[in-house]
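The values are calculated or read from the model by the stated rules, or taken from the named source; none is laboratory data. Note that the structure is a prediction, hence the values are computed from the model and not measured. FYI the Cβ positions are ideal-geometry reconstructions off the backbone, even for glycines, and counts take in every protein chain you see.
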Amino acid sequence: KAGVTQTPRYLIKTRGQQVTLSCSPISGHRSVSWYQQTPGQGLQFLFEYFSETQRNKGNFPGRFSGRQFSNSRSEMNVSTLELGDSALYLCASSTGHEFGTEAFFGQGTRLTVV
Amino acid sequence: SQQGEEDPQALSIQEGENATMNCSYKTSINNLQWYRQNSGRGLVHLILIRSNEREKHSGRLRVTLDTSKKSSSLLITASRAADTASYFCATDVIQGAQKLVFGQGTRLTINP
């Protein structure tokens, strides 16, 4: 079974630009959640999608948005990039059972904003 | 904000020794998961323990959960150099949604 695939692996963007990151979950998994990892703040939850619906959202500004497609693949978009958005962005795939199941992570996308 | 605190923040031991990492959290949980991360790469899932479980084993890993103390521990027995990594606990706190709240992690170094 293929794991969670995130593309691209690395990105360099300029302040003010926007960026779209992609995540393909494990086959059969309907939940995709996104996390930001920085040295200062650690791992922080961005949002979770289940069957194309956002079920939960973290405490991030509206510049961070996402969506999920009918095949469960998800995209995350960050608009008007700031230097502080430089981070490792990780997505996690799970079955989405209401009482929680294992969440499996991709290798991440390393975003650098210059 | 972080749900959990991990202790110690860094741990250095000799190969073959056992490593114990602790995690404390603040609110009620559905389950608690442990992950390993090597040098800024993706998180590798190690083990999930549910709130009604007290102990789980997987190979050289042993996880305990004490919901009355809101704490968990991860024991790695007979450590190997390849175990060198950062270890995170993550609590799943919301029913009906997948949202993990992570601790700051323990940096484990295994010396040959």
Next on the checklist: With within 13 Å of another protein chain (Cβ to nearest Cβ) and either under 23 Å from B:Cys89 (Cβ atoms) or surrounded by fewer than 18 Cβ atoms within 10 Å (Cβ to Cβ) (or both) as the only criterion, which of A:Gln68, A:Gln107 stands out?
Outcome noted: A:Gln107
Checklist outcome for this item: Exactly one of A:Leu43, A:Leu21 is within 14 Å of chain B (Cβ to nearest Cβ), buried (at least 17 other Cβ atoms within 10 Å of the Cβ) and under 30 Å from B:Glu53 (Cα atoms), and that residue is A:Leu43
Item to check | Residue count, segment B:88-112 (criterion: assigned to a loop (DSSP other than H, G, I, E, B), farther than 16 Å from B:Leu11 by Cα and out of contact with any Ser or Thr (no Cβ under 6 Å at 6 or more places or on another chain)) | outcome: 5
Checklist entry - Got at least one residue in segment A:35-54 being small (Gly, Ala, Ser) and under 12 Å from the mean Cα position of the chain (by Cα)? => result no
Next on the checklist: Are there strands (runs of 3 or more DSSP E) fully within segment A:46-114 with at least 1 residues that are among the charged types (D, E, K, R)? List them.
Outcome noted: A:53-57, A:64-68, A:74-78, A:109-113
Next on the checklist: Which residue is farthest from the other protein chains (Cβ to nearest Cβ), if the candidates are limited to segment B:45-59 and must be over 13 Å from the mean Cα position of the chain (by Cα) and surrounded by 14 or more Cβ atoms within 10 Å (Cβ to Cβ)?
Outcome noted: B:Glu53
Checklist entry - From the list A:Gln44, A:Gln68, which one is touching a residue at least 24 places away in the same chain (Cβ under 8 Å) and at negative phi? => result A:Gln68
Next on the checklist: I need the full set of residues from segment B:13-44 which are among the aliphatic types (A, V, I, L, M) and away from chain A (no Cβ under 14 Å), in order please.
Outcome noted: B:Ile13, B:Ala19, B:Met21
Checklist entry - Can you tell me which residues in segment A:93-104 are at the interface with another protein chain (Cβ under 7 Å from one of its Cβ atoms) and at pLDDT 85 or above? => result A:Ser94, A:Glu102, A:Ala103, A:Phe104
Checklist entry - In segment B:1-25, how many residues are modelled with pLDDT under 90 and surrounded by 13 or more Cβ atoms within 10 Å (Cβ to Cβ)? => result 6
